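Here the structure comes first, spelled out in structure tokens, and everything after it is commentary.
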């Protein structure tokens, strides 16, 4: 894949996904918006504003030299920890659905963990680039990311947000692998995180309930298994070509969170198997494009940064789709570029802008050869 073609694919796929997401957010939320706010365009207008900000951020980051981001790697990770801590200060943290994941500062509300995931990737990319000659040493390289990552995961779990904690751990492990850390260290880390994750699932009854409902949702169809069963109905009703845009029955207050975490279910009902397949192909192309930029980048920082940002998109996409299709327990993670939400969309589009910027330097280097 040539660099110019890679740029074009990443950009076009992103714009197509955002367009599909905007259309489906209106289709899935208009009735609910009319019921709650007496305005069928309520969510559409807000999402259109987020798209506008996201496009501006993507363009800005595509022009901003990516290697200058190293200057904010350390401050960024400490600001992230501070913002996560601020969630638990009365008056700042906003509790939604039993979890304090939103931070309100000066009239603006945003989801802190979306910024934290990017900050972790940036920090690890910079840290490993500086310490690459010691990459096989435990105390010089492995211990610092482990300590900082443990603090961040701990703060995220306190919200509580188990799904995002899983994403952060996977991203960290993946970047350790990309940087060339010893497999034995990563195996040791996995041997700690996996039992800890199992213990956390057992400790909180609702997490265990989600797991059991994932294995057999029909055991409790009106409670813990309700959402995933309604999602199955959406997929089954859609068939091959769907019932048509705007004709979803599940959006008539049957399927909760349909314009956010479960938007793929509405896409399946209205667009059918064909539309779901198109969405999956688009994400595959985007992820391949991101990893192509990472592999071809001549400097380690760019390689790790592009790889880490692509891993975030890939992991979140896989988990969200897996949950909606009943292949994984429900986790409450947004589908990048498609789900309703400003922070997720803007951060995802900023990440694409960084990928485009890294790719532009690949073309420049190739032209100077």
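The values are calculated or read from the model by the stated rules, or taken from the named source; none is laboratory data. Note that the structure is predicted; figures quoted are calculated from it, not measured. For neighbour counting, all protein chains shown are included, and Cβ atoms are generated from backbone atoms with ideal geometry for every residue, glycine included.
What tally of residues in region 136-152 results from selecting those that are buried (at least 20 other Cβ atoms within 10 Å of the Cβ) and either without any contact (Cβ under 8 Å) to a residue 40 or more places away in the chain or out of contact with any helix residue (DSSP H, G or I) (no Cβ under 9 Å at 6 or more places or on another chain) (or both)?
Residues in region 136-152 being buried (at least 20 other Cβ atoms within 10 Å of the Cβ) and either without any contact (Cβ under 8 Å) to a residue 40 or more places away in the chain or out of contact with any helix residue (DSSP H, G or I) (no Cβ under 9 Å at 6 or more places or on another chain) (or both): 2 in total.
Just one of the numbered conditions (1) under 21 Å from the mean Cα position of the chain (by Cα); (2) at pLDDT 75 or above; (3) crowded, with 20+ Cβ neighbours inside 10 Å is not true of residue 256; which one?
Exception for residue 256: condition (3).
Based on what the data block shows, is residue 56 buried (at least 17 other Cβ atoms within 10 Å of the Cβ), out of contact with any strand residue (DSSP E or B) (no Cβ under 6 Å at 6 or more places or on another chain) and modelled with pLDDT of 95 or more?
When the stated conditions are applied, residue 56 does not pass them.
Which condition number in (1) in contact (Cβ under 8 Å) with a residue 12 or more places away in the chain; (2) within 30 Å of residue 234 (Cβ to Cβ); (3) within 17 Å of the chain's Cα centre (by Cα) is the one that residue 269 fails?
So the condition that residue 269 fails would be (3).
Every residue, every condition in (1) touching a residue at least 24 places away in the same chain (Cβ under 8 Å); (2) touching a strand residue (DSSP E or B) at 6+ places or on another chain (Cβ under 8 Å), yes or no:
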position	(1), (2)
66	yes, no
70	yes, no
74	yes, no
82	no, no
85	yes, no
99	yes, no
102	no, yes
105	no, no
113	yes, yes
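Please identify the pairs in which a residue from region 173-188 that is in contact (Cβ under 8 Å) with a residue 24 or more places away in the chain has its Cβ atom under 6 Å from the Cβ atom of a residue that is assigned to a helix (DSSP H, G or I), counting only partners at least 6 apart or on another chain.
174/311; 175/124; 175/308; 176/186; 178/304; 178/307; 179/128; 185/142
Here is a check on your reading of the model: is residue 314 at pLDDT 95 or above and within 16 Å of residue 17 (Cβ to Cβ)?
The answer is yes for residue 314.
Anything in region 1-31 that is more than 15 Å from residue 285 (Cα to Cα), at pLDDT below 95 and surrounded by fewer than 19 Cβ atoms within 10 Å (Cβ to Cβ)? List them, or say none.
Answer for region 1-31, where residues must be more than 15 Å from residue 285 (Cα to Cα), at pLDDT below 95 and surrounded by fewer than 19 Cβ atoms within 10 Å (Cβ to Cβ): just 31.
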